[in-house]
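The values are calculated or read from the model by the stated rules, or taken from the named source; none is laboratory data. Because the structure is a prediction, the values reported are computed rather than measured. Reconstructed Cβ throughout: ideal geometry from the backbone, glycine too, with neighbour counts over all protein chains shown. Ligands, DNA and RNA are stripped out before the accessible areas are found, and what is left, the full protein with its side chains, is counted by its heavy atoms. Shrake-Rupley method; radii C 1.70, N 1.55, O 1.52, S 1.80 Å.
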Amino acid sequence: MIRRAEAKDLERINELLFQVLTVHAEGRPDIFIPGTKKYTDEELLKIITDDSTPIFVYEDQQGIVQGYAFCIFEETKGVINMRDMMTMYIDDICVDEKARGQHIATELYEYVKTFAKASGCYRITLNVWELNETAGKFYEAMGMKPLKTTMETIL
């Protein structure tokens, strides 16, 4: 079952956030700090209750959250060289490492896609780190294509 996250999901979401950070910290230890997470509990609780930043969770038959999708509504309006549009930005999708291979990420992505369309969004966007080839391949399999590339030089 996929539903909006609730305050009761905080502990499980934190566990999954740590899993995501571990992947990034192992791939880019020069950027990410091991043992940390992206949000404080206070920030997470605020995000959970904010309709402009919906979090969707996948709950298994035992009632355990096995994955999430953090989303943000973004609106481009009044920019002189761009069309007005609403975008659903996927900030993060995570499936518990023990539950991977069960198509949970696909179900979450499709749910977000349906939700975004019903909410009047023109498109879905996200960022994927180059170190995470598995995620990149997954998003391509979902029909996503690169929009732009961020380049870097380490000094």
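Residue by residue, here is whether (1) modelled with pLDDT of 95 or more; (2) under 20 Å from residue 99 (Cβ atoms) holds:
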site: 36; (1), (2): no, no
site: 43; (1), (2): yes, no
site: 46; (1), (2): yes, no
site: 49; (1), (2): yes, no
site: 53; (1), (2): yes, no
site: 58; (1), (2): yes, yes
site: 62; (1), (2): yes, yes
In the stretch 12-23, is there at least one residue being open to solvent by less than 30 Å² (accessible area, probe 1.4 Å), polar (S, T, N, Q) and modelled with pLDDT of 95 or more?
yes
Could you check, for the stretch 49-59, whether at least one of its residues is farther than 30 Å from residue 155 by Cα, free of Cβ contacts under 8 Å to residues at least 24 places away in the same chain and not polar (S, T, N, Q)?
yes
Anything in the stretch 114-138 that is without any contact (Cβ under 8 Å) to a residue 24 or more places away in the chain and either open to solvent by 80 Å² or more (accessible area, probe 1.4 Å) or of a type in the set (Ser, Thr, Tyr) (or both)? List them, or say none.
114, 117, 118, 127, 130, 133, 134, 137
In the list 68, 111, 89, 39, which residue meets the criterion of being under 18 Å from residue 10 (Cα atoms) and not in a loop (DSSP other than H, G, I, E, B)?
68
